[in-house]
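Here is the structure we will look at.
Please treat every number below as a calculation from the coordinates, not as lab data. The structure presented is a predicted model; accordingly, all values stated were derived computationally and were not measured. Glycine gets a Cβ as well: all are built from the backbone with ideal geometry, and neighbour counts include every protein chain shown.
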Amino acid sequence: MLANIKYFTALFLIATNLPCVAVAANETHAFEHRLAERVSRRWQEVQAELTRIEGELVSLPVIPKEELGGTGGLLAQARVGEPEREIEVTWNKPVLVDLVVLAPARKYDVNGLILDYGLPDDFSVELIGAAGTSNIPVAVENKVHSSPVRRGYPFVYPLDKPAMATGLRVRAHRLYTRERTPQDVFILALSEVFCFANGRNVALNAQVHIPQGPQRRQHWHWRLGYLVDGQSSLGLPEFPEPSVRGVGWLSRDHASEQDSVWVGIDLGESRRVDGLRLYPARRASLGNIPGFGMPRRFRVRTSESGIPASYSTVLDQTGGDMKNPGHNPIELRFPAAHARFIRIETTKLWKPYDDYPAFLALSEIEVLNGDANMALGAKVVSSDQTGRYAAHAELFWSEDCLTDGFGPQGRLVSPVDWLLGLDKRLQLEKQKQALLAEAQSIVDTIRQSVFGIMLVLGGGGLFFSIILPVRYRLLRKRDICRVRERIAGDLHDEVGSNLGCVQVLSDLVQQQSPASRELKTIRRIAAETVTAVRDIVWLLRARADERVCIADHLKESGGILLEALDWTFEADASFAHYDVSDEKARNLMLFYREALHNVTRHADARNVTIRMERADSRVVLSISDDGCGIPPERLESPSVLHALKQRAKQLNGVLDVVSEPGKGTAVTLTFSA
């Protein structure tokens, strides 16, 4: 059967013009895809769409799947049966909000990094309207955790029409139960809330309130204010740029964190400035430690002329250590001033361990006038004057990288463009997942169809390989039966009748004239031949209902061979339904005929008794006479009764011979029925 299936599988592959090769397990996937491409037009369309999506994904920002440091966000608790949890973010005056974004929180547990820690499974978002106006629904989310593709992505809601609002409310309708504690406490957590009005995040440093009760106790990683501090779980606002080799600037290593290091920017002309935005660096050789090289204490000074004595301090961060933002940009605002030269002077460097060198490292510095970057392409100098030197592989550090518009992994963009880019990537990932599922469904359908075809072909092959030979054998057997019947009829009608005539004529001649030895021999041979022909005819009869039973046939044969003697034949009535194989019947007849030949030729007996009986699934045939018997010394010779012994062996039977000179011989054959 297996050979037939393989044969018809090969025929199917040849018929569809596919390469018939022995594919290993790891090549089955590609083989199925080639088959789908050959037979399914929709498969080709899906693959073309997937190729297009992959081309778009390359240029879109990605969600980092690692710990980014910084603050964790807001974390609240709820118990079973408590009302819905709400989070309110409010600002001082109404503004036209055009984009709302929620960033999920992250946390490590025993299973690794959770990218959507404490995220509700069902929640709604609405803007709080100005005084005297109703709230504006923004979005309703259900079964958030049912989509693995969304994990880690922000919820981005562009508004079709900007809405005047004084705040934002997030209402959690059903908390996710994966983070359930033994006390039946559920967790509600978010990393950051963004509300943009014409590109400006109005939720930055806004007021945060949880109406249903106290938030979980203040924690170094989770606080109310961390929900609107500008630090999220999403990383830097970058679009991938594989061609970028400059990753920022890194100072020389310093033995003491108290060493002073400064970086200066020349804007080229006097400009209005009111803030800085610092982007942290990444150092691959240190495992991309979040917030690597960010200064702990520093001041920002400006000057119109660049003369050392002319610099004035516009921002002083030397009174205490600045909290490391991790892999998040940090925005610093100061009173507006006009300046050409901007200098960042550190009073305490980044130094994680006592025996580790101290560094100052940044990937980009933006000098702000409102939201505009005044420092793009500006000249940068530093106290260490490091110039350009290798960072990792083909990457390098340089002061020029601080104002080139690139972060450590790509081109820096506005937060709005970045968040919309992340949302576009999410939509494309969802499309990709749906297309992959459809492609797999196509492959499964084709696999089932091919399996069905092979099953039908294999079944057909099995049918023809079994039924046809059986039918052929039945036809051959029928033909053989016809031939056997014809031969049996011819033997009976022609040879048997002729031999019978010979036997009758020899009897008549013997009665009319003195019996001669030759005449007796002719008569005996004729009788024996008639008996042999009758045995052959009996065996050639193919159907059991056309034969006499074996006992009656043996009795008739005995009548021919023992005609000149007094003989008796007894058999159990059970032999009327005794079914015996042709081979066993043949050996039994040959044994029987040989035994009677011995009686007529050598025993010189007058009386012969034949008994045939069945006992315990055994057949016992006994033939006894009152002839001359066999001397003991002759009976022990292997050549004596050799033919009978051979036939008994062919029957897997037992031969027992009892003989005494002058008292006759008894031969008994026992074999299985």
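Worth a mention:
- Relative to the longest principal axis of the Cα atoms of the chain, the long axis of helix 517-540 lies at roughly 30 degrees.
- From the coordinates shown, Rg and Dmax of the Cα atoms in Å corresponds to which of [x] 28.8, 88; [y] 27.0, 89; [z] 54.1, 171: [z]
- Charge context of residue 642, other residues only, Cβ under 14 angstrom, K/R +1, D/E -1: +2
- The stretch 30-54 and the stretch 293-360 have Cα centres spaced 55 Å apart.
- C-alpha long axis of helix 415-490 to longest principal axis of the chain, angle in °: 0
- On full extension, the segment bounded by residue 411 and residue 256 gains 52.5 nm, given 0.36 nm per residue less the C-alpha separation.
- Annotation: the antiparallel percentage among DSSP beta bridges lying fully within the chain is about 95.
- Remark: the residue 634-residue 581 segment gains 15.6 nm on full extension, using 0.36 nm per residue and subtracting the alpha carbon distance.
- Residue 650-residue 673 pseudo-label distance in nm [points 7 Å out on the Cα-to-Cβ vector]: 2.4
- Largest first, the extents of the alpha carbon coordinates of the stretch 29-91 on the three principal axes equal 57, 33, 26 Å.
- Contour minus Cα-Cα distance for residue 304 and residue 109 (0.36 nm per residue): 65.0 nm
- For the chain, the longest principal axis of the C-alpha atoms and the axis of helix 550-561 are separated by about 30°.
- Placing dummy labels 7 Å off each Cα toward the beta-carbon, the span from residue 79 to residue 42 is 5.3 nm.
- With the helix formula -39500 (n - 2.57) applied to DSSP H stretches of n ≥ 4, the chain reaches a computed 222 nm mean residue ellipticity of -10500 deg cm²/dmol.
- Using only side-chain charges placed at the Cβ, +1 for Lys and Arg and -1 for Asp and Glu, the dipole size of the chain relative to its Cα centre rounds to 340 debye.
- If only the Cβ of Lys and Arg carry +1 and only the Cβ of Asp and Glu carry -1, the dipole of the stretch 565-673 around its Cα centre is close to 280 debye.
- The alpha-carbon of residue 477 sits under 25 angstrom from the alpha-carbons of these lysines, leaving out residues fewer than 8 places away in its chain: 584.
- Summarising the overall dimensions of the stretch 74-228 from its C-alpha atoms, the Rg and Dmax are 15.2, 49 angstrom.
- 23 Å tail of the calculated P(r), the stretch 25-141, as % of Cα pairs: 63
- Computed over neighbours whose Cβ is under 13 Å from that of residue 378, the net charge equals -3, Lys and Arg +1, Asp and Glu -1.
- All other residues whose Cβ lies under 14 angstrom from that of residue 671 are scored, Lys and Arg at +1 and Asp and Glu at -1, for a net of +3.
- Value of Rg to Rh for the stretch 547-665, rounded to two decimals, is 0.95; Kirkwood radius and Rg both from alpha-carbon coordinates.
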